[in-house]
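The structure appears below as structure tokens.
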Amino acid sequence: MQNERTATDRIVVVGGGQSGADFVAALRMAGYQGLVTLVGEEPDYPYARPPLSKAYLSGKVSVDDLYIRPPAMYEQQGIDLRTGIRVAAIDRTARHVVLVDGERLPYAHLVLATGGRARRLPAPGLDDAPNVHYLRTLADVTAMRHRFVPGARLVVVGAGYIGLEVAATARQLGLDVTVLEALPRVLARVTAPQVSAFYQRVHTEEGVDIRVDTAVTGFSFALDGSVSAVELKNGERIDTDIVLVGIGLVPNTELAEQAGLAVDSGIVVDEYCRTEDRAVLAIGDCTSHPCGEHGGRRRLESVPNASEQARVAAATITGNPEPYTAIPWFWSDQYDVRLQTIGLSTGHDDVVIRGTTETGRSFAAFYLKDGQVRAADVICSPRDFTAARKLVAARARVGPEALRDLSVPLKQLL
Ligand SMILES: Cc1cc2nc3c(=O)[nH]c(=O)nc-3n(C[C@H](O)[C@H](O)[C@H](O)COP(=O)(O)OP(=O)(O)OC[C@H]3O[C@@H](n4cnc5c(N)ncnc54)[C@H](O)[C@@H]3O)c2cc1C
């Protein structure tokens, strides 16, 4: 534990998002009393991104409701918060970071919490079109929200979580929504076909025109440079007022790369969030970390992962290292449908549906491997999610018939 705040015992955090904000709070909770500087390039206090595509886009909550910690916390906890400024470089030999204005901040430990940015759709004219939007930041929502008025036509490119959440919010606001997905089903990379079919049904019921297997080939532009129509491979054109592109995330790894740290689709860290340079740690969406018993490495994009890695990194730095073993989980809200997922479904050899995906809006999908429950997607059933968590944690061996049997509560299968 540090008793005096000096520049040489300083911990510098790059990135004032979910993991950066959770990390500085966890560091103080763990008793660290040294100097802590949190540098974030966005101008706002650290805020939560999940409401950006949901309650904040629809105007149900204000910016104040998004803050991860009360703004006063940073001063109360002695956190030197620098917002609206970017870290331009890391000098690992001299152990300092260089801000874009040239200021150098020495560090004893450096924590990279740089997150990621929306993947751009490469098409001529698109970057300059005022009605083409991406969704990662508060500024992104500010730029698009005034267009979300009843009757406006929205085309969403990409049926991942963000695209579908925006589609749901837009329908609730009275927009005319079309979703275009190049793959044969929505959420194809993250869920089973049955869960994809469920979401396609729900969005169709809500009035969204969902088109899968649909490649975008080009765009038509109005005189002011806005996109006026989206052109499809089958020759069709969809007239539109707004385009929202949701085709994934590019992790912000450039700083680490330029500093000579290993990057493998994310900044490579061990289970203690350490890079190969023991003075440099990395947390959140920008990291590639070991999968434990699953083997290999993974990069996760979720609040629970960002928060857990923040806690692990704080424990590592304060001398009480504990490995990151938490089972990944995630949620998504669309209309009245809350999805909660637990575990990693990659590599499963069987999917068992409890309930039905064809009617109603509540069921669970279990992903099994070698007879063990490895992951679950639970729709609108917090009680089943609690039980599913335990089944996944225990890698329970439960037969498909038992999982399907609605007359037996899930918790009895534990
Ligand atoms: C619209 C939307 C909806 C989402 N919904 C959900 C959900 O329902 N459930 C869920 O679990 N997750 C959701 N997520 C994902 C979740 O928000 C992220 O996983 C989480 O924010 C990751 O935190 P992070 O700290 O790693 O990165 P971020 O929150 O992205 O923070 C990184 C910060 O670092 C800054 N930065 C980068 N480089 C520099 C630099 N050189 N100098 C200074 N600052 C820098 C960036 O500007 C950014 O502010 C959603 C994300 C989005 C965008």
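Mind checking which lysines have their C-alpha under 30 Å from LYS390, skipping anything on the same chain fewer than 8 residues away?
Of all the lysines, those that pass the test against LYS390 - Cα under 30 Å, at least 8 places apart if same chain - are LYS54, LYS369, LYS411.
Take the chain, mark every one of the GluC sites (Glu not before Pro) that falls in a DSSP loop and has at most 15 other Cβ within 10 Å, then report the longest stretch left between them, sites excluded. Don't skip to the end; give the middle numbers.
On the way: sites that count: GLU4, GLU103, GLU236, GLU276, GLU358.
For GluC sites (Glu not before Pro) (loop position, at most 15 other Cβ atoms within 10 Å), the longest site-free span of the chain is 104-235.
Can you give the relative contact order of segment 336-413 as a percent, counting alpha carbon pairs under 8 Å and 6+ residues apart? Provide the component values of the computation, followed by the final result.
Values: 139 pairs, mean separation 23.5, N = 78.
It rounds to 30 percent for segment 336-413.
Tell me the relative contact order for the chain as a rounded percent, counting alpha carbon contacts under 8 Å between residues six or more apart.
14 percent
Relative contact order for segment 120-247 using alpha-carbon pairs under 8 Å, separation at least 6, rounded to a whole percent? Could you put the intermediate results ahead of the total?
On the way: 242 pairs, mean separation 42.5, N = 128.
Once divided by the residue count of segment 120-247, the mean separation gives 33 percent.
I'd like the Karplus ³J(HN,Hα) series for segment 358-372: coefficients 6.51, -1.76, 1.60, θ = phi - 60°, whole numbers in Hz, and an x wherever there's a Gly or Pro.
Going residue by residue, I get 8, 9, x, 9, 8, 6, 9, 10, 9, 9, 10, 9, 6, x, 9 Hz, with x marking Gly and Pro.
Using each residue's phi in segment 209-220, evaluate 6.51 cos²θ - 1.76 cosθ + 1.60 at θ = phi - 60° and report the 3J(HN,Hα) Karplus result to the nearest Hz, with x for Gly and Pro.
8, 9, 10, 9, 6, 10, 8, 7, 10, x, 9, 9
List the residues, sorted by chain then number, that are 5 or more residues from TYR47 or on another chain and whose placed amide H is less than 5 Å from its amide H.
HN-HN under 5 Å from TYR47: ILE68.
Among ALA113, PHE198, LEU66, whose Cα sits farthest toward the positive end of the charge dipole of the chain (+1 at Cβ of Lys/Arg, -1 at Cβ of Asp/Glu, about the Cα centre)?
PHE198
Once you put a point 7 Å from the Cα of ASN234 and another 7 Å from the Cα of THR356, both along the Cβ direction, what distance in nm separates them?
2.8 nm
Readers should treat all values here as calculations from the given coordinates under stated rules, not as data from a laboratory. What you see is a predicted model, and the numbers here were worked out from it, not measured in a lab. Cβ: placed from backbone, ideal geometry, glycine included. Neighbour counts: every protein chain shown.
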